[in-house]
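Trainee: Pasting a structure below so you can have a look.
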There are 4 protein chains.
Amino acid sequence: MTAAKETSEPLRILDAAIDALAEYGYANCSMQRIADHAEVDKRMLHYYFGDRNGLTVQIAERVGDRLLAGFTSAIEGLSGPREIAAAGFESLWENVVAEPRLHAVHLGLVSAAVTDDSLRAQVARIRDRYSEVILQLAERGRKAGLQLRLNDETLVGLILAGLNGLTVDYLQRGETQELTQSLAEFQSWLMQLARPLADA
Amino acid sequence: MTAAKETSEPLRILDAAIDALAEYGYANCSMQRIADHAEVDKRMLHYYFGDRNGLTVQIAERVGDRLLAGFTSAIEGLSGPREIAAAGFESLWENVVAEPRLHAVHLGLVSAAVTDDSLRAQVARIRDRYSEVILQLAERGRKAGLQLRLNDETLVGLILAGLNGLTVDYLQRGETQELTQSLAEFQSWLMQLARPLADA
Amino acid sequence: MTAAKETSEPLRILDAAIDALAEYGYANCSMQRIADHAEVDKRMLHYYFGDRNGLTVQIAERVGDRLLAGFTSAIEGLSGPREIAAAGFESLWENVVAEPRLHAVHLGLVSAAVTDDSLRAQVARIRDRYSEVILQLAERGRKAGLQLRLNDETLVGLILAGLNGLTVDYLQRGETQELTQSLAEFQSWLMQLARPLADA
Amino acid sequence: MTAAKETSEPLRILDAAIDALAEYGYANCSMQRIADHAEVDKRMLHYYFGDRNGLTVQIAERVGDRLLAGFTSAIEGLSGPREIAAAGFESLWENVVAEPRLHAVHLGLVSAAVTDDSLRAQVARIRDRYSEVILQLAERGRKAGLQLRLNDETLVGLILAGLNGLTVDYLQRGETQELTQSLAEFQSWLMQLARPLADA
DNA sequence: CATGAATGAGCGTTCATTCAT
DNA sequence: TATGAATGAACGCTCATTCAT
């Protein structure tokens, strides 16, 4: 046995698959292409993941992991209320810019999920994880004295809608001036939703 | 002879194709399926649209037409500044609720366009048409006395990002309470971006 | 009615068809391509020529016409025995160089005829026309005092074999030095087959 | 287990493909027909040869092998100059008579190559192999005392042109009297091109 | 784990041809 | 003559998947 295979083979394949999806798009990404991209025989995909659906499920899971990776750690040390509020969305957006291909794949999954039941569950799961982490942040913000005008679910809904909408813009047109301004506007709006007690 | 063929055959097929895309999703919608859906022989698609790409281009064009249909007429009679501002986004959203399948198809096109060059142009065209109509609205608002804090392009960017983000939410989870609240929040934010002169 | 259409429409189409065959090759030349090449609707082909086979038959006929056009006139005025012998093959070869595309089409027909019965008759007809004209030439040569060592059919066979073999070389590799020398050798051999009486 | 699979499956298919090409002609020989002829599923052709072009390339290679098979061995033992000269062309022609279908396929490839670039390379390769083997023969003839009036390339050109031209005649009309005489004439011409030293 | 071989189904596209006007 | 529409049959190729070793 090799001393320490850093990542397991299935995991390596999943990341290659995500890359392939980003390359060819959800619609044009066959198992053959994924296998080629991962430099693996296509039958190994069946060996590890069963069938196409099984692979897709795992891909979605992995996408979720990577979408939220870093987010938790990025907001761990924060303590002040404004700090928390500010860092939250910023950290989410940083991941968009850092891994646009990953978010393109996510968008593909979200889009496909509209008409694909088994995918819908997976995509909903990713949303739940987003939600969870945003709520944790809100909780910490409240404990630090943040007063939020909105109930939790609406807050999550608005943040995710903003994130998704701006991500679509970014994927469509790249880093434009308007997008930068839109981001600033959106963030300042988010800040305004939260009025810390101390400010009153 | 039928008295008056309401729409041309290609147009009828395009609408059937949009319906098929909504049914099966962009990735799983073959020409055969579109043909079956339109109750037309598969080869008639080639007869009318050349190849798959030609069909897709026309579909995108038709999607654009239908996304903006009604919008222009809906805002035509308005005169007061607040009226205009309010009706603008509301009218856009009404189309989402009225034709969710159409917007699902649009989302599919947007998503696929990320990795498909020829589609990208088409999707950009739809965005341009949205942009154009929003800017016309802004223009009319200004003439009616509206003061907009943002430059045109940023305004368009924010409105479209909000529209897209909320549409994704709607397509994913339907008409939830949170979404209703999010919509209200978003709209009140939009209103706040515009301060009528009278307020000064 | 236009005063004087120089060539009839079917004839114009046939020449365009020959050009298309030269362009795409016999195997890849559909009726659609021929129609496009002739700038005619494909159904006109059926109108003029019935079906694919009818068209091919006419094409073969036209190819035969053009292969031998000029040949008869080129050898008309000649009188001396050597003159006749020399000009004969030279004139045949000149047509190869002047119309290589035509000869490429001919080669395609000859090749296809091996497995296509209806074509075989047409191709045989072209060979007969070659034969006929070569024999006429031989006849005139004899009358001018040429003594030919070979019987007529063998002479024709050798000339056509040489012509075909060298044409294949020309079509494959163009005008090479070796081909020029081969031509010279072949011609000198032909001359040697014929010994004028005066030489004896 | 069968004792000894004589030839590999791909090779068996290639020979069946050549037979199919001889049966239907290059233009009318689809992959389906080749598959049927080889009693193999159509998709196995893709499995073994990739795509149509890959199959064609391999077919051409195999045609080349079989065109020259036997030739080398047939001329191996010969030693006398005239013997070598005589046996050379005779051996080439014997292959034509022994495998007329193979030569029909070759003619089809040659013809198609005129308008098909990828095929042209393959056909040129076959010609090169012919050339190589003819030159080896000439070399051996020279060592045995043969004096050749022509340079190598012209010799090859003439021999191949003769071979091709006479093959076309054979494929068109079968074994006629004239063809037999033409062959005799051609061979005696070839002999005359070579004057052994002893004659001097 | 890995590989050679196979398979039912479907892909987008083109073929020659015909019908009705 | 010419055109819009249609059709039965194939085309080359790829899909996800399975079997046997």
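The values are calculated or read from the model by the stated rules, or taken from the named source; none is laboratory data. The model shown is predicted, which means the values in this text are computed figures rather than measured ones. A quick note on method: Cβ atoms are made from the backbone with ideal geometry, for glycine too, and the neighbour counts reach across all protein chains shown.
Trainee: Could you go through region B:1-18 and let me know if any residue there is away from DNA strand F (no atom under 15 Å from the Cβ) and surrounded by fewer than 13 Cβ atoms within 10 Å (Cβ to Cβ).
Mentor: Taking every residue of region B:1-18 in turn, at least one turns out to be away from DNA strand F (no atom under 15 Å from the Cβ) and surrounded by fewer than 13 Cβ atoms within 10 Å (Cβ to Cβ).
Trainee: Pairs please, first residue from region D:141-156 and under 23 Å from C:G162 (Cβ atoms), second anywhere and surrounded by fewer than 14 Cβ atoms within 10 Å (Cβ to Cβ), Cβ atoms under 8 Å, 6+ apart in sequence or on different chains.
Mentor: D:E153/C:Q177
Trainee: So, one more: With the structure loaded, tell me whether A:A86 is assigned to a helix (DSSP H, G or I), away from chain B (no Cβ under 13 Å) and not charged (D, E, K, R) or whether it fails that test.
Mentor: yes
Trainee: Exactly one of these conditions fails for C:S111: (1) among the hydroxyl-bearing types (S, T, Y); (2) buried (at least 21 other Cβ atoms within 10 Å of the Cβ); (3) within 16 Å of C:L190 (Cβ to Cβ). Give me its number.
Mentor: (3)
Trainee: Under 6 Å by Cβ, and 6 or more places apart or on different chains, what pairs join a residue from region C:40-55 that is closer than 13 Å to C:A17 by Cα with one that is among the aromatic types (F, W, Y) and near DNA strand F (Cβ under 9 Å from one of its atoms)?
Mentor: Cβ pairs passing all conditions: none.
Trainee: Picking from B:V97, B:V57, which residue would you name as being of a type outside the set (S, T, Y), surrounded by fewer than 19 Cβ atoms within 10 Å (Cβ to Cβ) and assigned by TED's automatic domain parsing to the domain that holds B:A124?
Mentor: From the options B:V97, B:V57, the qualifying one is B:V97.
Trainee: Output yes when any residue across region B:116-130 is of a type in the set (G, A, S), more than 9 Å from chain A (Cβ to nearest Cβ) and free of Cβ contacts under 8 Å to residues at least 40 places away in the same chain, and no when none is.
Mentor: For region B:116-130, residues of a type in the set (G, A, S), more than 9 Å from chain A (Cβ to nearest Cβ) and free of Cβ contacts under 8 Å to residues at least 40 places away in the same chain: present.
Trainee: Of (1) within 14 Å of another protein chain (Cβ to nearest Cβ); (2) within 16 Å of DNA strand F (Cβ to nearest atom), C:Y47 satisfies all except one. Which?
Mentor: Of the numbered conditions (1) within 14 Å of another protein chain (Cβ to nearest Cβ); (2) within 16 Å of DNA strand F (Cβ to nearest atom), the odd one out for C:Y47 is (1).
Trainee: Identify all residues within region C:131-140 that are without any contact (Cβ under 8 Å) to a residue 40 or more places away in the chain and buried (at least 16 other Cβ atoms within 10 Å of the Cβ); write none if there are none.
Mentor: Listed by number, the residues that qualify are C:S131, C:A138.
Trainee: For the list (1) in contact with a Ser or Thr (Cβ under 6 Å, 6 or more places away or on another chain); (2) crowded, with 19+ Cβ neighbours inside 10 Å, I need the number of the one condition that B:A74 fails.
Mentor: Of (1) in contact with a Ser or Thr (Cβ under 6 Å, 6 or more places away or on another chain); (2) crowded, with 19+ Cβ neighbours inside 10 Å, only one is false for B:A74: (2).
Trainee: Please specify each residue of region C:5-22 satisfying the condition of being within 14 Å of chain D (Cβ to nearest Cβ) and in contact (Cβ under 8 Å) with a residue 24 or more places away in the chain.
Mentor: Correct list: C:I18, C:D19, C:L21, C:A22.
Trainee: In region D:21-44, what residues are farther than 18 Å from C:G25 by Cβ and within 11 Å of DNA strand F (Cβ to nearest atom)?
Mentor: Listed by number, the residues that qualify are D:Q32, D:R33, D:I34, D:A35, D:D36, D:D41, D:K42, D:R43, D:M44.
Trainee: Could you check C:A60 against (1) within 22 Å of C:A161 (Cβ to Cβ); (2) more than 14 Å from chain D (Cβ to nearest Cβ) and say which number it fails?
Mentor: (2)
Trainee: Of all residues in region B:159-169, which are in contact (Cβ under 8 Å) with a residue 24 or more places away in the chain and among the aliphatic types (A, V, I, L, M)?
Mentor: B:I159, B:L160, B:L163, B:L166, B:V168
Trainee: Related question: May I ask you to list the residues in region A:50-64 that are more than 7 Å from DNA strand F (Cβ to nearest atom) and over 24 Å from the mean Cα position of the chain (by Cα)?
Mentor: A:G50 - this is the single residue of region A:50-64 that is more than 7 Å from DNA strand F (Cβ to nearest atom) and over 24 Å from the mean Cα position of the chain (by Cα).
Trainee: Counting only residues that are surrounded by fewer than 18 Cβ atoms within 10 Å (Cβ to Cβ) and within 8 Å of chain C (Cβ to nearest Cβ), which one in region D:151-172 is nearest to D:D128 (Cα to Cα)?
Mentor: D:E153
Trainee: Which residues, taken from region B:57-97, are at pLDDT below 95 and small (G, A, S)?
Mentor: B:A69, B:G70, B:S73, B:A74, B:G77, B:S79, B:G80, B:A85, B:A86, B:A87, B:G88, B:S91, listed by residue number.
Trainee: What helices (runs of 4 or more DSSP H), lying completely within region D:1-70, carry at least 2 residues that are under 21 Å from D:I126 (Cβ atoms) and away from DNA strand E (no atom under 14 Å from the Cβ)? Give the derivation first.
Mentor: Values: elements: D:9-24, D:31-38, D:42-49, D:52-68.
Because the criterion is at least 2 residues that are under 21 Å from D:I126 (Cβ atoms) and away from DNA strand E (no atom under 14 Å from the Cβ), the helices (runs of 4 or more DSSP H) in region D:1-70 that meet it are D:9-24, D:52-68.
Trainee: Looking at region D:174-195, can you tell me whether even one residue there is closer than 23 Å to C:S111 by Cβ, facing chain C (nearest Cβ under 8 Å) and aromatic (F, W, Y)?
Mentor: Scanning region D:174-195, I find at least one residue that is closer than 23 Å to C:S111 by Cβ, facing chain C (nearest Cβ under 8 Å) and aromatic (F, W, Y), so the answer is yes.
Trainee: Residues of region A:130-174 being of a type in the set (D, E, K, R) and modelled with pLDDT under 95, which ones?
Mentor: A:E132, A:E139, A:R140, A:R142, A:K143, A:R149, A:D152, A:E153
Trainee: With C:L179, C:L92, C:L148 as the choices, which residue is under 17 Å from the mean Cα position of the chain (by Cα) and not assigned by TED's automatic domain parsing to the domain that holds C:N28?
Mentor: Values: C:L179 fails: under 17 Å from the mean Cα position of the chain (by Cα); C:L148 fails: under 17 Å from the mean Cα position of the chain (by Cα).
Of the residues listed, the single one that is under 17 Å from the mean Cα position of the chain (by Cα) and not assigned by TED's automatic domain parsing to the domain that holds C:N28 is C:L92.
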